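Here, each number is a calculation from the coordinates, and none is a lab measurement. Predicted model, so just to flag it, every value in this text is computed and none were measured. Cβ sites come from the backbone with ideal geometry, for glycine too, and all protein chains shown count toward neighbours.
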Amino acid sequence: MFLALAALWGASYLFIKVGLEDDLSPGFIVFARTALAALVLLPVAAHLGALAGVRERLAPLFVLGLIQVTGPFTLITVGEQEISSSLTGILVAGAPIFTFLLAFALEGEERATPMALAGVAIGIAGVALLLGVDAPGGTAALVGGLLVVLATTGYAVGAWFVKRRVPDVQPVGAVAMTCTASALMTLPVALLTFPDHVPSLAATASLLVLGVGGTGIAFVLFYTLVASDGPRTTSLVAYVAPGFSVIYGVVLLDESFGPTTAAGLALIVGGSWLAANGGTRRELPASSIDVSPACQADGGPDAPLLEGGPKGGNRVAA
């Protein structure tokens, strides 16, 4: 299950690239993936009783959907028009760096230990290396890469927002509702940019797998693993998924992977791990949850550290 989850999340950028190469618009791709994910997640959330309290929190959940789903998904898809799928997957792996910086700046929730600060510096160096040296395409590729990096800050802001505005909604219910909110928000854009041709079989299959598998089923697997193996073990999937992104891009899309890319991957993944795990963590109140990768089909490494039972548990590491 762990490898299946990493493989699904790591494949997200491959499926996005296939859709883009078939001239599907970023808005249409984001709508399709979130709508399909909602179709999978809403019945699961209802079956688990995870929609309790959703009605009272509709407004914050819609805001969360904008911050943590619609915004990042759109930025990533637009950015991937200019850079490779494997580079996109590597850049998204830097999300814990921005989560750490945001938590430290706003709340002091992360102590600036030397190890954590070293992780931030190492990860930023990896981003600079990839964007400055390993992003062919000139200015357009640089802008595309920066959009992907900006998307990871949306995951960080969303994690901060959910702790304060949606503390009493179970994780699966929150993910289902944010995907639904994102689908509704992107529907007008999807209609305006509806493809003027019948999508190819490859593009259609990619959207189906991206929405149903990489988003919907992936989060069912994620919370099942949280319940059975614990949050800390499960969160390691975020550091395995970029490897799958690289393999898919190189093998299936003939993307390049040289020493600079390898160095950037090592710096970003290693720095993210240090930033996420190198500081002293303090626990939040018992009612808090952190669904920081809410609907992150991209497999962002900002994974929730849920402690307790399968519906979110009793404690969350900040």
Legend entry - Net charge of neighbours whose Cβ lies under 12 Å from the Cβ of ALA203, counting Lys and Arg as +1 and Asp and Glu as -1: -2
Inset, instruction - Could you order peptides 9-16, 268-275, 190-197 by the average number of other Cβ atoms within 10 Å of their residues, highest first? - result: 9-16, 268-275, 190-197
Inset, instruction - Please arrange LEU58, LEU221 by counting, for each residue, the other beta carbons lying within 10 Å of its beta carbon, fewest first. - result: LEU58, LEU221
Legend entry - Exposure proxy ranking, count of Cβ atoms within 10 Å, fewest first, for MET177, MET1, MET185: MET1, MET185, MET177
Legend entry - Per-selection Rg to Rh, the stretch 4-141 - Cα, Kirkwood hydrodynamic radius: 1.02
